[in-house]
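Asks: I'd like to ask you about the structure that follows.
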Amino acid sequence: MEHNVISVSGGKDSTALLLLALERQPENLQAVFADTGNEHPQTYDYVRYLSEVTGVPIRWVKADFSRQMEGKRKFVAEKWPAMDVPDDQVQRALAVLQPTGNPFLDLCIWKGRFPSSQAAFCSEELKRNPIQKQVQNPLLDAGDDVMSWQGVRADESPRRALLTELEFVRKSGAGGELWNVRPILRWTADECFAMHRKHGVEHNPLYEQGMGRVGCMPCINCRKDELLAISKRFPEEISRIAEWEQIVSQASKRGSSTFFAAANLGITDNDSSVLDQANVHKFVEWAQTSRGGKQFDAFRVLDDGPLCSSIYGLCE
């Protein structure tokens, strides 16, 4: 038996993918949304809307790092003192090494750091792995084949441009085969939005609020202007990240961890002072500067912009 698993994120590409799948009507279609715990509330609402408007039940899954955090607690308690880590720092780490139920935060507490462009473990740990473990693997272990539909496009990055539309991944011990299917790989963003209009499906409202992407809020790879838009429209999201920086820093052997790489602000210190110099609020200040980050741009700081600020030209 063949199962077609559609990965839905709430963004334009995965929505177009789901609508395309509905047109093609493959066997045993099911949609799945991996909740990272770092999504904007409007994205959660949009995923619920998408299920209602298409009539396709969307299964929500999320990662659980309880086992990993238990192992990290044991390591901290037994090994950190031998590494000459001060006892008060050990106790702070043990205090926060408890599952919160938020996948993104728990992942970072376990790792003692945030993901980065050089170590982007977030997608694998928060999206790919839970979908594989909770949805795909049980089907493969039953001997069934799984076609994993992915809404990635070649023009998003040089790495994605090297992908193929159909890719064999592996075969399970029970004989089930896993394939990656990327039917919109050669599509443009405009074609994705056109698919929305064709089916009368609204796009995620965040696209009209200055967001280029609507996954994590913010994403570790968000643009400078996007971070500024988030800080102005959704300051509560910045406050949340600031709180997470404090928590994850407690779990870090270095004593500090910043959401964005401190090196982007020219800071290379590896002690607790890094958090004071390169926390998310410092990056918001940097986002208010003109190119080069040396001088504040009054227009960027004071102008709230139009009600609709879509970079995709979605305004009426």
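The values are calculated or read from the model by the stated rules, or taken from the named source; none is laboratory data. Just so we're clear, the structure is a prediction, and the values are computed from it rather than from any experiment. Because the Cβ atoms are built from the backbone with ideal geometry, glycine has one as well, and the counts that use them run over all protein chains shown. Note: accessible area is taken over every heavy atom of the protein model, side chains too, but ligands, DNA and RNA are not part of it. Shrake-Rupley method; radii C 1.70, N 1.55, O 1.52, S 1.80 Å.
Asks: Roughly how many percent of the accessible protein surface of the chain is carbon and sulfur, given a 1.4 Å probe and a whole-percent answer?
Replies: Here carbon and sulfur together make up 49 percent of the probe-accessible area.
Asks: In percent, what relative contact order does segment 152-232 have, based on Cα pairs under 8 Å that are 6 or more apart in sequence?
Replies: In percent, rounded to a whole number, it is 20.
Asks: Computed over the Cα atoms of segment 72-154, what is the convex hull's projected area averaged over all directions, in nm²?
Replies: 8.3 nm²
Asks: Another one. List every residue whose amide H lies under 5 Å from the amide H of W60, counting only residues 5 or more places away in sequence or on a different chain, with H placed 1.01 Å from N in the peptide plane.
Replies: Amide H neighbours of W60: F33.
Asks: P(r) for segment 44-116: what percent of alpha-carbon pairs falls in each 5 Å bin, starting at zero?
Replies: Each 5 Å bin holds this share of Cα pairs: 3, 15, 19, 16, 12, 10, 7, 6, 5, 4, 2, 1.
Asks: Hey, another quick one. Starting from one equal scatterer on each C-alpha and no solvent at all, send me the Debye-based log10 I(q)/I(0) for segment 111-180 at q = 0.11, 0.14, 0.16, 0.25 Å⁻¹, two decimals.
Replies: After summing over all Cα pairs, the log10 values are -0.36, -0.56, -0.70, -1.12.
Asks: Express the accessible area of segment 173-259 per residue in Å², computed with a 1.4 Å probe while the remaining protein chains stay in the model.
Replies: 39 Å²
Asks: From the alpha carbon gyration tensor of segment 1-155, can you work out the equivalent ellipsoid semi-axes (sqrt of 5 times each eigenvalue) and give them in Å, largest to smallest?
Replies: Working through the eigenvalues yields semi-axes of 37, 17, 13 Å.
Asks: In the structure shown, do any of K232/K282; K62/K282; K74/K282; K72/K127; K111/K171; K133/K171 have a Cα-Cα gap over 25 Å, and if so which?
Replies: Among K232/K282; K62/K282; K74/K282; K72/K127; K111/K171; K133/K171, the Cα-Cα distance tops 25 Å for K62/K282; K74/K282; K111/K171.
Asks: Let me ask you something else. Given the DSSP H assignment, sum -39500 (n - 2.57) over each helix run of at least 4 residues in the chain and divide by its residue total; what's the result at 222 nm in deg cm²/dmol, nearest 500?
Replies: -11500 deg cm²/dmol
Asks: Still on this structure, I have one more. Over segment 1-104, with the other protein chains present, what is the accessible area per residue in square angstrom, probe 1.4 angstrom?
Replies: 47 Å²
Asks: Sticking with this structure for a sec: In whole angstrom, how far apart do the alpha carbon centroids of segment 102-147 and segment 177-224 sit?
Replies: Cα centroid to Cα centroid, the span is 20 Å.
Asks: So how compact is the chain: Cα radius of gyration and Dmax in angstrom?
Replies: 21.2, 63
Asks: Something else about it: Could you rank V61, V53 by how accessible they are, 1.4 Å probe, largest area first?
Replies: Result, largest first: V53, V61.
Asks: Another one. I'd like to know which of G71, G11, P138 lies farthest towards the positive end of the charge dipole of the chain, counting +1 on Cβ of Lys and Arg and -1 on Cβ of Asp and Glu.
Replies: G71
Asks: When the expected Rg is taken as 2.2 N^0.38 Å, what fraction or multiple of it is the alpha-carbon Rg of segment 138-243?
Replies: 1.41
Asks: Given a cut-off of under 8 Å on Cα pairs at least six residues apart, what relative contact order in percent is computed for the chain?
Replies: 20 percent
Asks: At a threshold of 8 angstrom on Cα-Cα distance, excluding pairs fewer than six apart, so keeping six or more, what relative contact order does segment 24-130 reach in percent?
Replies: The normalised contact order for segment 24-130 reaches 34 percent.
Asks: Let me ask something else about it. Any chance you could tell me what percent of the C-alpha pair distances in segment 1-75 go past 16 Å?
Replies: 54 percent
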